[in-house]
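The values are calculated or read from the model by the stated rules, or taken from the named source; none is laboratory data. The structure displayed is predicted, hence computed values, not measured ones. Because the Cβ atoms are built from the backbone with ideal geometry, glycine has one as well, and the counts that use them run over all protein chains shown.
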Amino acid sequence: MPKTTAILAGAAVIALAAGASSAETLRFAFQADVNSLDPHSLNETFTLGFQGNIYEGLIDRDQTLTIQPGLAESWEILEPTRWRFHLRQGVTFHNGNPFNADDVLFSYERAISEASDMVTKVAGIEEVVRVDDYTVDFVTTAPTLILPAEWDTWYIMDREWSEANDAVAVTNIADINSTNFANLNANGTGPFMVTERVPDVRTVAVPNPDYWRDVPHNLTEVIYTPIASAPTRIAALLTGEVHLAYPIPLQDIDRVDANEGTMALTGPELRTIFLGFDQARDELLYSSVEGANPFRDIRVRAAFNHAINRDAIGQVVMRGASTPAASMVAPGINGFPDFLEPYAYDPDRARELLAEAGYPDGFEVRLNCPNDRYVNDEATCQAVVAMLGQIGVTVTLQADTRSVFFGTILAQGGYDTSFYMLGWTPSSFDSYNPLFNLVSTRDPETGRGTFNVGGYSNERIDVLTAQILAETDETTRNALIAEAWQILYDDYGYLPLHQQGLAWGVSEDASLVQRADNVFDWTLVRIGG
Amino acid sequence: MAAFIVRRLVQSIIVMLAVAFVSFSLFTYVGDPINNMVGQETTMEQREELRERLGLNDPFPVQFARFIGNAIQGEFGISYRMARPVEQIIAERLPATLELAFVSAVFALVVGIGLGIYTALGRESVAGRLVLSAAFVATAALFSWIGAAIVAAVMLAVTFLYRGKWVGSTIMSLSLIGVSLPTFLIGILLIYVFAVELGWLPSFGRGEVVSIGGWTTGFLTPSGLQALILPGITLGLFQLTLIMRLVRSEMLEVLRTDYIKFARARGLTNRAINFGHALKNTLVPVITITGLQLGSIIAFAIITETVFQWPGVGLLFIIAVQFVDIPVMSAYLMMIAFVFVVINLVVDLLYYAVDPRLRVERAGGGGH
């Protein structure tokens, strides 16, 4: 059994007087609506987190993100490539159908089908075998220690319901004739049942009276409303029209705290924000340096890293709601290298390094940034521009809306950047994910390093990453992860900035839990006081 | 007559095609929709496959021709964000926008004409002056939330210098605020005053709605009516000040004409002259402008709807732009173009009916 580090630090709890259990309606607002109720259509935090109150996976994650039994009561590794899951008996879907192995097989087939966005969650599986009604074996293509790590959000659907309602295929936007029932209706095993769904306006749910587990909430109804405009979202919180509104812009935290009856709940998110250097090209696309790529010189990368005052960015731009980062993963991610310190702010040393590298007068380079994706992303980049200006590097900031930004810098845009910002949350909460996606050498054949936009490459890290995947002894595995992070750190391969802060605005009438992965679990809410 | 209508219809179709072409070519600049439609870890092959299935890799003329071909059949595709047919989504959202547009148009007309008449006539009544100035100082104080009161105070001070007609000019100056303040700022101010500080009205949404044969209405529930007030005012304020200024200037014009002088000479009551004769003759251009502005109200509801999370087509469009939901964006733009084309066509036909000169076959052609 893999053990996930408990993330108590990230889970802030406010518990006020527990109220009497009368008719308690929870109202909350987020900035965008869930795209679909179809649990296999979009692998995105808010959508999956929302659906997690209605659907369940074989495993579950508690408020500290520790793996717990979910629809599977227990599991064991029979042989390195064969995992056996014992399913929970007596669980029914919201429509009354019993849950069994058939539904797991169905949900697996659905998750790997066309138009499903869950393929990566069930990747590396060769075969799913139904042993009996409540036992399922998963045969993997290679030994692995983290097979079910993302299965808390691989949700199980009812085969009979899906077949009866023409929802066997995943909601498919490319097929004009598919109007998928599962897009607007839901039938899970989870603690809440959807009773009304008006996209972009309102989604209403009530507790599932037959839920298999005892849950601490005292709700009789949940009403979710998306509110796109941040000032309106805050107004709705201040007027008491919603109990919870998120995200709250960092500059409005004081306003929410100052208001009687509301408070801001803040904590570090698991997402790490970093800058990356193009090290793949012989000459940078957007720079004054000709005939050479300065970022291939470790001294230039070191100079950039030492020129950034991460504490100042945290205090000024992020208003104290971020944690300076030394590596590509956050505390709470398995394999977090707590032995590394963020690179020291030392502009003098940075200037010396730059001079040693042959750029005593600095050079010009363009920085690509999103302006509506991460918390205060553009402002962070502006601070970086100013700090690099202090060591003589002239950075031109190119800030774009996210669809333009990602279309430019990612693979489909041909990695069209020299210097860029990106954020990453490993969905498995394990270091293998960023090592494979962000740090390993790019290889279009295997998909390795697809998001290694700068094309950083280190043979030893590639070897280690492959070993980490196959290693089944946890201690050895964690040592391999630590070694990989140390190499990246010493190589100044990236420029980690911070873990951005989460900010939720909460009414003092409600007690709830803010999970470090920014997921809102309704079962932990109590209203009244 | 028939030739005129046919010519106008052909021109309308060309306009629609031009709008479709321009908006479609702009979509290349709004970014790549794929990243919003898949998760972080989705592989490049899967993304590429999705692009292929959506036809986004086809050359521009092919995509455009396909869009026009489907649009003629009334099909606008499936929303990338909501995975539902666009026509269905727009049909669901349209009642919200139309009701909001109706309320703000009525508000703008009634208050705008009232204030227009008042500022044109109201130079004598001292009591009226005091009541109105008090009302406007109060309004200015409410706006003081962000210091607009300073602006209002300066305007009041300036108008004091021209004592003779200071109520009228105060209203006129305040109407300048209405014209120049950005809609989103007015909306946020109203929310903070009437929802957050006073707690009288809801800050967002449509309240409870009743569905009658597919048309959702907020007119039949108390919360639905309450929810209409703030967005209605926000959206109507600009039109209000426009109509007020129009009525005032038209009215001043009419009051100077000979037949008004003649009416006074005959000894008719002020009431009969002002409302029976002057106002009636003032309203002709007002009706024309209001008709044309109705299209703008629907089109410019975008900002008001975003501020108030009003679930109409404007909010749908804004979210579609952020998401690069091309089918929704193109359908919305076509719909707005259609509204304007129809309004213009109707106005043209009305002119044709009203103005006999247009009926004479013109050598040069040319539109209005």
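Things to note:
- Among residues of the range A:127-154 that are without any contact (Cβ under 8 Å) to a residue 24 or more places away in the chain, those with a Cβ under 9 angstrom from a residue that is of a type in the set (A, V, I, L, M), sequence gap 6+ or separate chain, pair up as A:Glu127/A:Val139; A:Val129/A:Leu105; A:Val129/A:Val136; A:Val129/A:Val139.
- The range B:48-81: number of residues that are at the interface with chain A (Cβ under 8 Å from one of its Cβ atoms), part of a loop (DSSP other than H, G, I, E, B) and in contact (Cβ under 8 Å) with a residue 60 or more places away in the chain: 4
- Number of positions in the range B:310-322 that are touching a residue at least 24 places away in the same chain (Cβ under 8 Å) and surrounded by fewer than 24 Cβ atoms within 10 Å (Cβ to Cβ): 2
Here's the yes/no breakdown for (1) under 21 Å from B:Ala101 (Cα atoms); (2) modelled with pLDDT of 85 or more; (3) under 21 Å from the mean Cα position of the chain (by Cα):
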{"position": "B:Phe219", "(1), (2), (3)": "yes, yes, yes"}
{"position": "B:Ser223", "(1), (2), (3)": "yes, yes, no"}
{"position": "B:Gln226", "(1), (2), (3)": "yes, yes, yes"}
{"position": "B:Thr234", "(1), (2), (3)": "yes, yes, yes"}
{"position": "B:Leu252", "(1), (2), (3)": "no, no, no"}
{"position": "B:Leu255", "(1), (2), (3)": "no, no, no"}
{"position": "B:Phe262", "(1), (2), (3)": "no, yes, no"}
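- Unique match (being within 14 Å of chain B (Cβ to nearest Cβ) and closer than 24 Å to A:Asp102 by Cα) among A:Ala167, A:Ala186, A:Ala228: A:Ala167
- Condition check for B:Arg271: among the charged types (D, E, K, R) and surrounded by fewer than 18 Cβ atoms within 10 Å (Cβ to Cβ): yes
- Residues within the range A:35-56 that are facing chain B (nearest Cβ under 9 Å) and in a loop (DSSP other than H, G, I, E, B), tallied: 7
- Search result, residues across the range B:188-222 that are part of a loop (DSSP other than H, G, I, E, B) and touching a Ser or Thr at 6+ places or on another chain (Cβ under 6 Å): B:Ser203, B:Phe204, B:Gly207, B:Glu208, B:Val209
- Options A:Thr417, A:Thr441, A:Thr450: the member that is surrounded by fewer than 24 Cβ atoms within 10 Å (Cβ to Cβ), in contact with a helix residue (DSSP H, G or I) (Cβ under 6 Å, 6 or more places away or on another chain) and more than 10 Å from chain B (Cβ to nearest Cβ): A:Thr441
- Residue within the range B:35-47 that is over 32 Å from the mean Cα position of the chain (by Cα) and away from chain A (no Cβ under 14 Å) present: no
- Residue check, A:Ser74 hydroxyl-bearing (Ser, Thr, Tyr) and closer than 26 Å to A:Asp166 by Cβ: no
- A:Leu388 passes every criterion in (1) within 14 Å of chain B (Cβ to nearest Cβ); (2) in contact (Cβ under 8 Å) with a residue 24 or more places away in the chain; (3) not acidic (Asp, Glu) apart from (1).
- Among residues of the range A:463-476 that are assigned to a loop (DSSP other than H, G, I, E, B), those with a beta-carbon under 8 Å from a residue that is β-branched (Val, Ile, Thr) and surrounded by 15 or more Cβ atoms within 10 Å (Cβ to Cβ) at least six positions away or on a different chain give the pairs A:Thr472/A:Ile77; A:Thr472/A:Thr144.
- Filter pass, B:Leu26 being more than 10 Å from chain A (Cβ to nearest Cβ) and aliphatic (A, V, I, L, M): yes
- Residue match in the range A:397-410 (condition: within 14 Å of chain B (Cβ to nearest Cβ) and part of a loop (DSSP other than H, G, I, E, B)): yes
- Criterion (away from every other protein chain (no Cβ under 14 Å) and modelled with pLDDT under 95) met by exactly one of A:Asn371, A:Asn376: A:Asn376
- Of the candidates A:Phe295, A:Phe274, the single residue that is among the hydrophobic types (A, V, I, L, M, F, W, C) and in a helix (DSSP H, G or I) is A:Phe295.
- Just one of the listed residues (A:Ala245, A:Ala186) is surrounded by 24 or more Cβ atoms within 10 Å (Cβ to Cβ) and part of a strand (DSSP E or B), and it is A:Ala245.
- Here the condition is being at pLDDT below 85, part of a helix (DSSP H, G or I) and away from chain A (no Cβ under 11 Å); of B:Ala120, B:Ala18, it holds for B:Ala120 alone.
- Extreme residue, farthest from the chain's Cα centre (by Cα), among residues of the range B:275-309 that are aromatic (Phe, Trp, Tyr) and surrounded by fewer than 21 Cβ atoms within 10 Å (Cβ to Cβ): B:Phe275
- Number of positions in the range A:198-225 that are buried (at least 19 other Cβ atoms within 10 Å of the Cβ), within 14 Å of chain B (Cβ to nearest Cβ) and either in a loop (DSSP other than H, G, I, E, B) or basic (Lys, Arg) (or both): 3
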